Amino acid sequence: MAEPKEIPLMEKIVSLCKRRGFIFQSSEIYGGINGFWDYGPLGAELKRNVKELWWNTMSRQRDDVVGLEATIIMSPQIWKASGHVDTFADMMRECPLTKKRVRADQVEPQGGTAYCFSGAEMQIDEFMDLLSEEILEAVKKGDAEEAKRKHELFKSLREKEKLESGRFDELDQQSQSFKEIAKFLSQVESPRAQAIASQLYQAIKEGWRKHYRTNEPVAVLLRSGEHPESARKKARQFYEALGYFVPKLEEDRTEPIQDSTDFHPESGVKLSPARPFNLMFKTYVGPVESEDNVAYLRPETAQAIFAQFKNVLDSSRVKVPFGIAQIGKAFRNEVTPRNYTFRSREFEQMELEFFIKPDEVVEAIAGHVATAAEAFGVPPSGGSGPAKAGTPNEPQPDWGWQAWHKYWVEERIKFYEGIGLPRTTLVEYWQKPEELAHYARATVDILFKFPFSKRDEKGELMGEELEGVAARSDFDLSQHERFSGKPMGVFDEELRAAWGELDDAKKSGLSKRYYDARLKYLTKTGVEQAKAEKEAKEDADGLAKGQYIPHVIEPSAGVERLILALLCNAYYEDTMPDEKGKPETRVVMKFHPRVAPIKVGVLPLLKNKPDLVKKALEVRDLLRPHMNVFYDDAGAIGRRYRRQDEAGTPFCVTIDFDTLGEKGPELKDTVTLRHRDDGRQDRVRIADLLSLLNERIG
Ligand code: ATP
């Protein structure tokens, strides 16, 4: 007997997510909509827990971070200033046959033989036959009288004028009749008839001699096992789509192909050159659909934070360094949504913009700028070394951008560990200088080793991005200052006081560095040289008055990617004895109790014993105000445990006859506490239950 085929892990996870109500395809009853996902009862709880944990860790439990909740649609000026209107694009390539698009950097290499065609010639005799057939087809379909008249017209034309290959002048002379036929076909409800009609119009316009052949090249990759005729068929379809019906192919050559990313993965047709494709969803505000009313669904939450920076600063008692946190929806019209929810078109982001003093300001105040190596005992790009005694993770006044950046990378990794993603499942990837956005000084991508991640040469999963932690300099605030004309700088009394104490050499050294950095930004963003020099000088002069534009460190995470990582990390299959002691395979989601959608299942042993049910409901009501409880009295107890295992519920409390004191007074008001991961069962007092569970959930 053949071995049953191993189902890939991702397929099992996707199926469990649907079966148990974690994730559903959006609009599934209408066939779904690509790149959009809904979260079912368990998924909604999981998401809520993740967002709440992030919000608590990043804002509520810190003195130096406040929150914001901005709108999804904002002034389009914001996206001009941020650069999204002009440059938020992926390089995309299109299959010229199917019109399907792929991201240029995501085409898997393929090999085979390329069939290259240098053009095609329309076969006029066959085209005329086709035209005749198409008109007859229209006779069957609809307006029979009209169609018959057109067919008669065409027949007489053909007989009289000998409309055939090479007789271009005759063809041209019949423009009026062809126009009539084209008009008729364009009204027939058939894409083919309409395509033929447009072909006729083109031929009339250009003249048949010019129109009947094309030099447009196309190449089709023939993969192993495919017949050369399939390449020719695709080429013919390509030329027909261009309007050259019944084409005679001009076959150029064949070429061996190895590891090429030039062909569409499905059709095998050679892709168009890469061109940028803006990822923002466009809409109109108000009833008039004009260019003036264009607006965008935000592609990230961060820009609202920069745009509201001044309002937050002026209305809260915060001082640099401080951060503004926001959680909210973002939308990107991704070219190829894929890997389940990993790349969606609608998703949520959890972003912090943490504003810090520029290094020149830190130096003026603290006399020195501690780098990441000094602050953490590690060089900025990874490696290890001794931690600086006493100050490993406590922010210090002498921290420059490097130390703050490393600090946030560490904080974020700690966060992931705290919700059950072990460090071994994560990768801290420092972007190479050539990969950095032009305004970024450093970016660390925190990757999770998803089952679909690529593997390195040692076979290790390389991971995919969960979060980016970027040191973005003062780029964003500066851009909004320039575009809005509103000042985005801060006044810092500490700086003003410290500046007065500096000697002249120090002052001019720091001013010069600040001036150079500002000038570099201004010229890079297209400000004309003389104006840039003047503005940079004003900015540098501002230091003496305690003024500067803050720099920013941005940890930016996606909710859906984190949910997917938690799902992948939690999925286990193991063996556990059933009620009769027979080992059976179970699926268990080993979520950390902090994120688990349901914290505890409350189960009366039997549902038809009123005393048991009453007690169980008492236990449910005791716990419910403090955690998400699921009450389940349906089915055998073993099956109920399995249901909770699949939902990832870390604890189950069972109320049995011992609870009622039937086996002796010492067990009265005790319950069984079952642990999901190993099936262990403890006997605990109901009175201790809440504190015990609270402690374990953490
Ligand atoms: P990628 O390179 O994977 O497209 P990105 O670098 O463009 O991601 P950022 O602009 O840095 O992503 O967005 C911050 C975070 O938002 C990402 O780390 C990710 O968690 C999340 N995110 C971005 N795009 C998507 C998406 N299409 N679907 C789900 N989450 C996303």
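Residues to consider are Ala304, Ala330; find the one that is small (Gly, Ala, Ser), under 27 Å from the mean Cα position of the chain (by Cα) and more than 9 Å from the ligand (Cβ to nearest atom).
Of Ala304, Ala330, the one residue that is small (Gly, Ala, Ser), under 27 Å from the mean Cα position of the chain (by Cα) and more than 9 Å from the ligand (Cβ to nearest atom) is Ala304.
Considering the range 417-458 alone, what residues qualify as being farther than 25 Å from Lys12 by Cα, outside any loop (DSSP other than H, G, I, E, B) and acidic (Asp, Glu)? I'd like the intermediate steps shown before the answer.
Pass one, the range 417-458, residues farther than 25 Å from Lys12 by Cα: 418, 428-446, 457-458.
From the residues that got through so far, the ones that are outside any loop (DSSP other than H, G, I, E, B) too are 418, 428-430, 433-435, 442-446.
Scanning the range 417-458 gives Glu428, Glu434, Glu435, Asp445.
Quick one: which residue in Glu348, Glu417, Glu363, Glu411 is in contact with an Asp or Glu (Cβ under 7 Å, 6 or more places away or on another chain), more than 20 Å from Asp476 (Cβ to Cβ) and modelled with pLDDT of 95 or more?
Being in contact with an Asp or Glu (Cβ under 7 Å, 6 or more places away or on another chain), more than 20 Å from Asp476 (Cβ to Cβ) and modelled with pLDDT of 95 or more holds for just one of Glu348, Glu417, Glu363, Glu411, which is Glu348.
Across the range 347-364, which residue is surrounded by the fewest Cβ atoms within 10 Å (Cβ to Cβ) among those that are among the hydrophobic types (A, V, I, L, M, F, W, C) and under 26 Å from Ser59 (Cβ atoms)?
Pass one, the range 347-364, residues among the hydrophobic types (A, V, I, L, M, F, W, C): 347, 350, 352, 354-356, 361-362, 364.
Next cut, under 26 Å from Ser59 (Cβ atoms) only: 347, 350, 352, 354-356, 361-362.
Values: Phe347: 21, Met350: 23, Leu352: 27, Phe354: 26, Phe355: 26, Ile356: 24, Val361: 27, Val362: 24.
Residue satisfying both the conditions and the ranking: Phe347.
Restricting attention to strands (runs of 3 or more DSSP E) lying wholly within the range 259-298, give those where 1 or more residues are under 24 Å from the mean Cα position of the chain (by Cα) and under 30 Å from Lys233 (Cβ atoms).
275-278
Against the definition (closer than 30 Å to Leu97 by Cα, away from the ligand (no atom under 13 Å from the Cβ) and within 16 Å of the chain's Cα centre (by Cα)), how does Asn339 come out, yes or no?
Taking the combined requirement at face value, the residue does not satisfy it.
Take the residues in the range 597-628 that are over 39 Å from the mean Cα position of the chain (by Cα) and part of a loop (DSSP other than H, G, I, E, B); name whichever of them is nearest to Ala570 (Cα to Cα).
Per the criteria, the residue is Leu605.
What are the pairs, 6+ residues apart or on separate chains, where a residue within the range 551-576 that is part of a helix (DSSP H, G or I) has its Cβ under 8 Å from a residue that is within 8 Å of the ligand (Cβ to nearest atom) and polar (S, T, N, Q)?
Val559/Gln349; Glu560/Thr341; Glu560/Ser344; Arg561/Thr341; Ile563/Thr341; Leu564/Thr341
Report yes if Val320 is more than 16 Å from the ligand (Cβ to nearest atom), modelled with pLDDT of 95 or more and in a loop (DSSP other than H, G, I, E, B), otherwise no.
Yes; evaluated as a whole, the condition is true for this residue.
Among the listed residues Asp105, Asp129, Asp64, Asp125, identify the single one that is closer than 29 Å to Arg338 by Cβ and either surrounded by fewer than 18 Cβ atoms within 10 Å (Cβ to Cβ) or modelled with pLDDT under 95 (or both).
Working: Asp129 fails: closer than 29 Å to Arg338 by Cβ; Asp64 fails: closer than 29 Å to Arg338 by Cβ; Asp125 fails: closer than 29 Å to Arg338 by Cβ.
Only one candidate passes the filter, namely Asp105.
On the given criteria, is Glu428 surrounded by 14 or more Cβ atoms within 10 Å (Cβ to Cβ), more than 26 Å from Glu360 (Cβ to Cβ) and within 14 Å of the ligand (Cβ to nearest atom)? Before the answer, list the steps.
On the way: surrounded by 14 or more Cβ atoms within 10 Å (Cβ to Cβ): yes; more than 26 Å from Glu360 (Cβ to Cβ): yes; within 14 Å of the ligand (Cβ to nearest atom): yes.
The answer is yes for Glu428.
Every residue, every condition in (1) more than 16 Å from the ligand (Cβ to nearest atom); (2) not in a loop (DSSP other than H, G, I, E, B), yes or no:
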site	(1), (2)
Lys12	yes, yes
Met58	no, yes
Ile78	no, yes
Leu97	yes, no
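Being over 30 Å from Leu9 (Cα atoms) and either modelled with pLDDT under 95 or not basic (Lys, Arg) (or both) is the requirement here; does Asp578 meet it?
Taking the combined requirement at face value, the residue does not satisfy it.
Taking the conditions exactly as written (buried (at least 19 other Cβ atoms within 10 Å of the Cβ), among the polar types (S, T, N, Q) and at negative phi), does Ser82 satisfy them or not?
yes
Find the residue count for the range 459-492, including only residues that are assigned to a helix (DSSP H, G or I) and either in contact with a Gly (Cβ under 6 Å, 6 or more places away or on another chain) or within 16 Å of the ligand (Cβ to nearest atom) (or both). Break it down into steps so the answer makes sense when it comes.
Of the range 459-492, the ones assigned to a helix (DSSP H, G or I) are 475-484.
With the extra rule that they be either in contact with a Gly (Cβ under 6 Å, 6 or more places away or on another chain) or within 16 Å of the ligand (Cβ to nearest atom) (or both), the set shrinks to 475-476.
Residues flagged as assigned to a helix (DSSP H, G or I) and either in contact with a Gly (Cβ under 6 Å, 6 or more places away or on another chain) or within 16 Å of the ligand (Cβ to nearest atom) (or both) within the range 459-492 amount to 2.
Going through Ala634, Ala647, Ala596, Ala616 one at a time, which residue ends up being on the phi < 0 side of the Ramachandran plot, of a type in the set (A, V, I, L, M) and surrounded by fewer than 20 Cβ atoms within 10 Å (Cβ to Cβ)?
Ala634 is the lone residue from the list that is on the phi < 0 side of the Ramachandran plot, of a type in the set (A, V, I, L, M) and surrounded by fewer than 20 Cβ atoms within 10 Å (Cβ to Cβ).
Which pairs have Cβ atoms under 7 Å, sit 6 or more apart or on different chains, and link a residue in the range 17-36 that is free of Cβ contacts under 8 Å to residues at least 24 places away in the same chain to one that is more than 16 Å from the ligand (Cβ to nearest atom) and among the aromatic types (Phe, Trp, Tyr)?
Lys18/Phe24
Collect the residues in the range 275-300 that are among the hydrophobic types (A, V, I, L, M, F, W, C), touching a helix residue (DSSP H, G or I) at 6+ places or on another chain (Cβ under 8 Å) and within 16 Å of the ligand (Cβ to nearest atom), keeping them in residue-number order.
Hit for the range 275-300 is Met280, nothing else.
I need a count of the residues in the range 508-524 that are touching a helix residue (DSSP H, G or I) at 6+ places or on another chain (Cβ under 7 Å) and of a type outside the set (A, V, I, L, M).
7
Of a type outside the set (Lys, Arg) and closer than 30 Å to Ala231 by Cα: is that true of Leu271 in this structure?
yes
Please tell me if Phe452 is among the aromatic types (Phe, Trp, Tyr) and at pLDDT below 95.
Spelling it out, Phe452 is indeed among the aromatic types (Phe, Trp, Tyr) and at pLDDT below 95.
The values are calculated or read from the model by the stated rules, or taken from the named source; none is laboratory data. Worth saying up front: this structure is predicted, and the values here are computed from it rather than measured. Note that each Cβ is placed from the backbone with ideal geometry, even for glycine, and that neighbours are counted across all protein chains shown.
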